[in-house]
Amino acid sequence: MQLPELFEEKMKHLLGTEYEDFLAGYEKERHQALRVNPAKISAEEFLRISPFALQPVPWAKNGFYYGTEDRPGKHPWHESGVYYIQEPSAMSVAELAGVQPGDRVLDLCAAPGGKSTQLAAAMEGKGLLVSNEIHPARAKILASNMERMGVPNALVTNEPPQRLTPHFPSFFDRIVVDAPCSGEGMFRKEEQAVIQWSQDNVGLCAARQQDILEEAAKMLRPGGILVYSTCTFAPEEDEESVVRFLLKHPDFSVKQVEAYEGFAPGREEWVKLTEEEKESVSAERLEEILASVKATFRLWPHKLDGEGHYAAVLEKAGSRDDRKSRERTDRSGGRKSAGKAGGATADAAAWKLYEEFAADALTHCPEGIPMLFGEQLYLLPCLLDLSGLKVLRPGLHLGTVKKNRFEPAHALALALKPEDAKRRVSYGADSREIRAWLSGESLEADGTEGKGWTMVCVDGFPAGWGKLAGGSLKNHYPKGLRKNLES
Ligand SMILES: C[S@@+](CC[C@H](N)C(=O)[O-])C[C@H]1O[C@@H](n2cnc3c(N)ncnc32)[C@H](O)[C@@H]1O
């Protein structure tokens, strides 16, 4: 592999005698992994039924390496959100966030959604997850992945971080900043990262990371946890980014968390500060900050089975003192969706249509606060003032209300359990039917009784909606998702 000359020189200088091992790492086979979605199946059960050659990723509860011959992205289970294909080192970040069900969590740089879907899994559908992405096209991919994984309690926004801050001051329990970076750790995976690499870009990324961290700091509640990560080796974007942030934020410190085997400590000696920066705090504080860098993590491809990554867990001083605001925003969070539809006539009419659909097609309804946006009906995880924000998904998309008819959303099918649907048909992953279905074909449904909205499953995992009538199952798999999977 042809690495940028300047990058090689820099790494040689940084790593000294370890450099040859580091270079040899580029010759190692690249490890690929998937993360099982516990909302769909337990890891134990997945291991039992999986056709893939799986080995656990040591640092991720539901993470597994798969074999070089395996193609999980071409398997129909992928379309049902049974797993998410994710680079193994990247799985460390959400684990470090220690998210609990019921937390308020922000993933500030979230697309395509690896960390967000992992955070969502830890939240078990409880609490609020805000997944934000600055780039519009990437934000759409993020929204689609959140739907595929059946996440019911997430808002997907498309904003620069500073536009979110006024809406969420001291609001979140946990924030993940998986920062845009120079991507040195992904050279083996993404050729583009090699082509675009320059030392100037490293500097630009480092400056941008400070801007993003500033906004994150304002949105984190006292006592909250901020996980900062990159997929680069550049100390300017790793240890230095953390140190610069800590110099400006006396209320933050590095939290000691347990390292997994193969995780290496951050390197204090690689931090280069200006005299002005060094003098901005007392000598004791400077020493303390620099020493604390050892409790941040470097994931090196030559030391573990994964690509290059860096992660730091930062804690904001203080304790939760936001009971009042929490009561205000969470007041209706647990309300059954069978409640009122926000009061407005259009909302009430839409809600009635949804209820008629639910009475006919569902045995169980998801919970949340119903809200109509144009023709789209959503269930919100809690009430928030989102005015002025670009919101792609304000919560779980229930469906579309058109000309006095309700059409259930694909997202709803993926967020439900199979037993939540009164009518369902299930095809095997190897069947001709499921491949035809995912490519957009309607199916013969001889022997399937009933009429109306029917959940279509693959091996029992919800995959979308069909409409049953006269022995035929009309395809309502979204046009944008249709694909021909190889058999
Ligand atoms: C490392 S990627 C995130 C990967 C994602 N967390 C995941 O696990 O799938 C960084 C993201 O930050 C976004 N980004 C770029 N510039 C940004 C900025 N100024 N503020 C916030 N996010 C930015 C990029 O578009 C990119 O999607």
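Of all residues in the range 62-77, which are of a type outside the set (K, R), more than 16 Å from the ligand (Cβ to nearest atom) and in contact (Cβ under 8 Å) with a residue 40 or more places away in the chain? Lay out the reasoning, then the answer.
Of the residues in the range 62-77, the ones of a type outside the set (K, R) are 62-70, 72-73, 75-77.
Pick out the ones that are also more than 16 Å from the ligand (Cβ to nearest atom) and you get 64-70, 72, 75-77.
Y65, H75, P76, W77, listed by residue number.
Between residues in the range 173-202 that are in the same structural domain as E239 (by TED's automatic domain parsing) and residues that are within 14 Å of the ligand (Cβ to nearest atom) and open to solvent by 40 Å² or more (accessible area, probe 1.4 Å), which pairs lie under 6 Å by C-beta distance while being six or more apart or on different chains?
Going by the 6 Å Cβ cut-off, the qualifying pairs are S182/N201.
When residues of the range 176-204 are filtered for being within 12 Å of the ligand (Cβ to nearest atom) and touching a Leu at 6+ places or on another chain (Cβ under 9 Å), how many remain?
6
Out of all the residues in the range 187-212, which are in a helix (DSSP H, G or I), open to solvent by less than 30 Å² (accessible area, probe 1.4 Å) and over 24 Å from P160 (Cα atoms)?
Narrowing the range 187-212 to residues in a helix (DSSP H, G or I): 191-196, 199-212.
Keeping just the survivors that are open to solvent by less than 30 Å² (accessible area, probe 1.4 Å) gives 193-194, 202, 205-206, 209-210, 212.
Within the range 187-212, just V194 meets the criteria.
Kindly evaluate V105 against the criterion of being open to solvent by 10 Å² or more (accessible area, probe 1.4 Å), outside the structural domain of S431 (by TED's automatic domain parsing), touching a helix residue (DSSP H, G or I) at 6+ places or on another chain (Cβ under 7 Å) and modelled with pLDDT of 95 or more. Steps first, answer last, please.
Working: open to solvent by 10 Å² or more (accessible area, probe 1.4 Å): no; outside the structural domain of S431 (by TED's automatic domain parsing): yes; touching a helix residue (DSSP H, G or I) at 6+ places or on another chain (Cβ under 7 Å): yes; modelled with pLDDT of 95 or more: yes.
Judged against the criteria, V105 is not a match.
Listed here are the residues, each with its yes/no results for (1) in a helix (DSSP H, G or I); (2) open to solvent by 10 Å² or more (accessible area, probe 1.4 Å); (3) in contact with a Pro (Cβ under 7 Å, 6 or more places away or on another chain); (4) farther than 27 Å from A264 by Cβ.
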position: M1; (1), (2), (3), (4): no, yes, no, no
position: E8; (1), (2), (3), (4): yes, yes, no, no
position: D21; (1), (2), (3), (4): yes, yes, no, no
position: R30; (1), (2), (3), (4): no, yes, no, no
position: E45; (1), (2), (3), (4): yes, yes, no, yes
position: R48; (1), (2), (3), (4): yes, yes, no, yes
position: F52; (1), (2), (3), (4): no, yes, yes, yes
position: W59; (1), (2), (3), (4): no, no, no, no
position: L96; (1), (2), (3), (4): yes, yes, no, no
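Within the range 247-266, can you find the residues that are among the polar types (S, T, N, Q) and either within 15 Å of the ligand (Cβ to nearest atom) or open to solvent by less than 40 Å² (accessible area, probe 1.4 Å) (or both)? Reasoning before the result, please.
Here is the first cut: in the range 247-266, the residues among the polar types (S, T, N, Q) are 253, 256.
Within the range 247-266, no residue meets the criteria.
Every residue, every condition in (1) acidic (D, E); (2) within 26 Å of the chain's Cα centre (by Cα); (3) buried (at least 18 other Cβ atoms within 10 Å of the Cβ); (4) in a strand (DSSP E or B), yes or no:
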{"site": "A436", "(1), (2), (3), (4)": "no, no, no, no"}
{"site": "G440", "(1), (2), (3), (4)": "no, no, no, no"}
{"site": "G450", "(1), (2), (3), (4)": "no, no, no, no"}
{"site": "W453", "(1), (2), (3), (4)": "no, no, yes, yes"}
{"site": "Y477", "(1), (2), (3), (4)": "no, yes, yes, no"}
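Among (1) under 15 Å from the mean Cα position of the chain (by Cα); (2) within 13 Å of the ligand (Cβ to nearest atom), where does L128 come up short?
(2)
Take the range 439-487 and flag every residue that is on the phi > 0 side of the Ramachandran plot and either touching a strand residue (DSSP E or B) at 6+ places or on another chain (Cβ under 7 Å) or of a type in the set (S, T, N, Q) (or both).
The answer is G440, G450, G452, D459, G460, G464, G471.
Show the residue pairs meeting these rules: Cβ distance below 6 Å; 6+ apart or different chains; first residue within the range 108-121 and more than 6 Å from the ligand (Cβ to nearest atom); second residue assigned to a loop (DSSP other than H, G, I, E, B).
Close Cβ pairs (under 6 Å, with a partner that is assigned to a loop (DSSP other than H, G, I, E, B)) amount to S116/A110; T117/M149; L119/V99; A120/V151; A121/P38.
Which ones in the range 229-246 are touching a helix residue (DSSP H, G or I) at 6+ places or on another chain (Cβ under 6 Å) and either open to solvent by less than 10 Å² (accessible area, probe 1.4 Å) or within 13 Å of the ligand (Cβ to nearest atom) (or both)?
If the condition is that a residue be touching a helix residue (DSSP H, G or I) at 6+ places or on another chain (Cβ under 6 Å) and either open to solvent by less than 10 Å² (accessible area, probe 1.4 Å) or within 13 Å of the ligand (Cβ to nearest atom) (or both), then S229, C231, T232, F233, A234, P235, E237, E239, S241, V243, F245, L246 are the ones that fit.
The values are calculated or read from the model by the stated rules, or taken from the named source; none is laboratory data. Please read these numbers as outputs of a predicted model, since none were measured by experiment. Don't worry about glycine lacking a Cβ; one is built from the backbone with ideal geometry, like all the others, and counts go over all protein chains shown. Heads up: the accessible areas ignore ligands, DNA and RNA and are worked out on the full protein's heavy atoms, side chains in. Shrake-Rupley method; radii C 1.70, N 1.55, O 1.52, S 1.80 Å.
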